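The values are calculated or read from the model by the stated rules, or taken from the named source; none is laboratory data. Given the structure is predicted, the values throughout are model-derived calculations rather than measurements. Virtual Cβ from ideal backbone geometry, glycine too; neighbours counted across all protein chains shown. Calculation scope for accessible area: heavy atoms of the full protein, side chains included, ligands and nucleic acids excluded. Shrake-Rupley method; radii C 1.70, N 1.55, O 1.52, S 1.80 Å.
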Amino acid sequence: MEFSLHDKTLVLSELLIFYMIVVVSCRGPVYKPPETEKLTDHFSRLSVNQSYNVFYGGSNIHMTNNGSSAELILDKSSGSGLISKDKYYYGFFNAALKLPAHFTSGVVVAFYLSNSDMFPHNHNEIDFELLGHEKRRDWVLQTNLYGNGSVHTGREEKFYLWFDPKLDFHDYTILWNNHHIVFLVDNVPIREVVHNTAISSVYPSKPMSIIVTIWDGSEWATHGGKYPVNYNYAPFVTTMKGIQLEGCIKHQNNYASSIVIPTCSRRSTSSLDPVDGEGFMKLSQQQITGLDWARRKHMFYSYCQDTKRYKVLPPECTAN
């Protein structure tokens, strides 16, 4: 039996469609997020060398493009990290990150705020943690926060991403002010922590540095080391650029005080103020729609639903 050119083209087209369906079904559904305000458009982007100093692993940090971007590397010798030159009391903090490729089980890339250096026993922390995942071979995004040393109560929430974070840069943003904490990915809110009476005792309330790290989290992130980092795939390289650090820059003379004095200087000349500005006090309707979309379609774990872990849920979980 002979096939015409038209028949052959039709068969090839059908095979291609079938292949695309199989690929999508293996990787999970592909979703397009709803349109939301692009908060990152309102603030200027800084170079890495303007904004950060070496935190650790200096030999595994490579400044690129005249310091506008940087590569943070994990290999058998060390991980690496950068820490902001300034400390902040509230603000809008963003980094565009491209994550390591290949098999990344046990690799952790973190973009977070912390003051554990100044307050080791009652520190604050607001975390983005990107976890190399052992089964799907995809990255998992985890958010968490600690206030006033509340490290025994983890407030983790975990998400699958709606894009491949290894192929291009994506924005990871933390908005922190007296009204709420908002975690955003590519300007889509994925989590909001409202500052109310239920969470006030552990709401982060002291100045913090902004830190970016890549490290071996085998013992912590993969069921007690069951799926450790495979250094046959090293080096693991995270590239970082598009820095935004907007907020109250704390001065060294009052930072170490046990009483936080909410005075600051601001770097930005933007008319928008992420610390006290009306546009940052609550989510818009468009942002609420984005938040609902992200949580319905992509969140697969929340501490507020983990009744095995918490016989009595933390108070903010049941607050109206």
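The table below gives the values:
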| quantity | calculated |
| --- | --- |
| Filtered residues of the range 269-300 (kept if among the hydroxyl-bearing types (S, T, Y), modelled with pLDDT of 95 or more and surrounded by 13 or more Cβ atoms within 10 Å (Cβ to Cβ)) | T289 |
| Every residue from the range 80-91 that is farther than 14 Å from N49 by Cβ and either hydroxyl-bearing (S, T, Y) or in contact with a helix residue (DSSP H, G or I) (Cβ under 7 Å, 6 or more places away or on another chain) (or both) | S80, K87, Y88, Y89, Y90 |
| Where a residue in the range 156-170 is farther than 15 Å from K32 by Cα and its partner, wherever it lies, is part of a loop (DSSP other than H, G, I, E, B) and at pLDDT below 95, with Cβ under 6 Å and at least six apart | K166/A101 |
| Pair list, Cβ under 6 Å, 6 or more apart: the range 200-218 residue touching a residue at least 60 places away in the same chain (Cβ under 8 Å) and on the phi < 0 side of the Ramachandran plot, other residue part of a helix (DSSP H, G or I) and open to solvent by less than 10 Å² (accessible area, probe 1.4 Å) | P207/Y255 |
| Selection from the range 33-62 of residues that are open to solvent by 90 Å² or more (accessible area, probe 1.4 Å), charged (D, E, K, R) and touching a residue at least 60 places away in the same chain (Cβ under 8 Å) | E35, K38, R45 |
| Selected residue (criterion: surrounded by the fewest Cβ atoms within 10 Å (Cβ to Cβ)) from residues of the range 208-237 that are at pLDDT 95 or above and assigned to a loop (DSSP other than H, G, I, E, B) | P235 |
| From the options E125, E129, residue that is closer than 21 Å to N230 by Cβ and open to solvent by 10 Å² or more (accessible area, probe 1.4 Å) | E129 |
| Leading residue by the ranking (surrounded by the fewest Cβ atoms within 10 Å (Cβ to Cβ)) among those in the range 67-87 that are within 18 Å of G242 (Cβ to Cβ) and touching a Lys or Arg at 6+ places or on another chain (Cβ under 7 Å) | S68 |
| Set S116, S13: member being of a type in the set (S, T, N, Q), more than 30 Å from D276 (Cα to Cα) and at pLDDT below 95 | S13 |
| Considering residues of the range 161-201 that are under 11 Å from the mean Cα position of the chain (by Cα) and of a type in the set (D, E) only, the residue most open to solvent (accessible area, probe 1.4 Å) | D186 |
| Leading residue by the ranking (surrounded by the most Cβ atoms within 10 Å (Cβ to Cβ)) among those in the range 240-265 that are at pLDDT below 70 and either touching a Ser or Thr at 6+ places or on another chain (Cβ under 9 Å) or of a type outside the set (S, T, N, Q) (or both) | C264 |
| Strands (runs of 3 or more DSSP E) fully within the range 50-90 counting 3 or more residues that are farther than 26 Å from N124 by Cα and in contact with a strand residue (DSSP E or B) (Cβ under 8 Å, 6 or more places away or on another chain) | 61-64, 69-74 |
